[in-house]
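Encoded as structure tokens, the structure appears first; notes follow it.
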Amino acid sequence: MQASLSSYIDHTLLRPDVTKQEIHKLCEEALKYCFASVCVPPYWVKDAYDLLKESTVKVSSVVGFPLGFHLPETKLAEAIQLSKIGAQELDMVINLPALKAKDFDTVANEIKSIVKACQPAKIKVIIETALLNDDEKKIACLLAKEANAHFVKTSTGFSKQGATIRDIKLMRSAVGPDIGIKASGGISTQSQALKLIDAGANRIGTSKGVALLQVE
């Protein structure tokens, strides 16, 4: 179980005060347990890449984080720069103000531009489920899918609620089987992670990756 679960985990450390020593520990744990990736602040991408470039562990970082209301040009420039310095996966926050305003072209075009410019990096679109109603969640997922994003993701972990089984099922029903779903936010136990995977999640974003592998 540990081996199979570890391959789902994005080992995450996105606190604003995270230190170099903590980033190095995160990477060492990811290597030890064969996690899918580490997810680190943009400032620490190069350090993480230098530590992990000879391994199978990917380096992830965040774009437009955590609020999503940055100008599309700003997000695109950030994403391109991160991919150049070693980020192999990018978790971008959807343009929430545009989505709420029903400006769906802006939402879709922003995702498309980042997907295209940052190939072959995998793009995960954070829709921040806690701030959306069910119809908006479905629309956000479909826009991400139509823009060729690789994943849709529940949460930044910085809002009022994280991943729920209900939202994972709703997202999976919206996008079908051919796009990844990342559950993130408030995931702290193995049983919780396994239930989210059973509901349709392909990745688990958590700062408690090592704890998730422990038998409860």
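Throughout, read-outs are computed from the coordinates displayed, never taken from laboratory work. Remember, predicted model here, so these are calculated numbers, not experimental data. No Cβ is skipped: glycine too gets one built from the backbone with ideal geometry, and neighbour counts run over all protein chains shown.
What to note about this one:
- For region 53-102 and region 160-216, distance of Cα centres in Å: 20
- For region 124-150 versus region 12-26, the gap between their alpha-carbon centres in whole angstrom: 28
- Once the Cα-Cα distance is subtracted from the 0.36 nm per residue extended length, the residue 133 to residue 191 segment shows a gain of 18.2 nm.
- Straight-line cross-link partners of residue 100 among the lysines, defined as a Cα under 29 Å from its Cα and at least 8 positions apart when in the same chain: 75, 112, 116, 122, 124, 137, 138, 145, 153, 160, 169, 182.
- Largest-first principal axis extents, alpha carbons of region 95-216, Å: 46, 32, 26
- Protection proxy ranking, highest mean first, for peptides 42-52, 142-152, 83-93: 83-93, 142-152, 42-52, where packing is the per-residue count of other beta-carbon atoms within 10 Å, averaged.
- Order by protection proxy (mean Cβ within 10 Å, highest first), peptides 27-40, 10-23: 27-40, 10-23
- Among 193, 92, 69 - extreme Cα towards positive end, dipole of region 2-212, charges at beta-carbon: 193
- Per-residue ellipticity at 222 nm, computed for the chain from helices alone with -39500 (n - 2.57) per DSSP H run of at least four residues, works out to -13000 deg cm²/dmol.
- Vicinal HN-Hα couplings computed from phi for region 120-126 (Karplus, 6.51 cos²θ - 1.76 cosθ + 1.60; Hz; Gly/Pro x): x, 4, 7, 10, 10, 9, 7
- In this structure, residue 50 and residue 102 have a Cβ-Cβ separation that, at R0 = 41 Å, corresponds to a calculated FRET efficiency of about 0.40.
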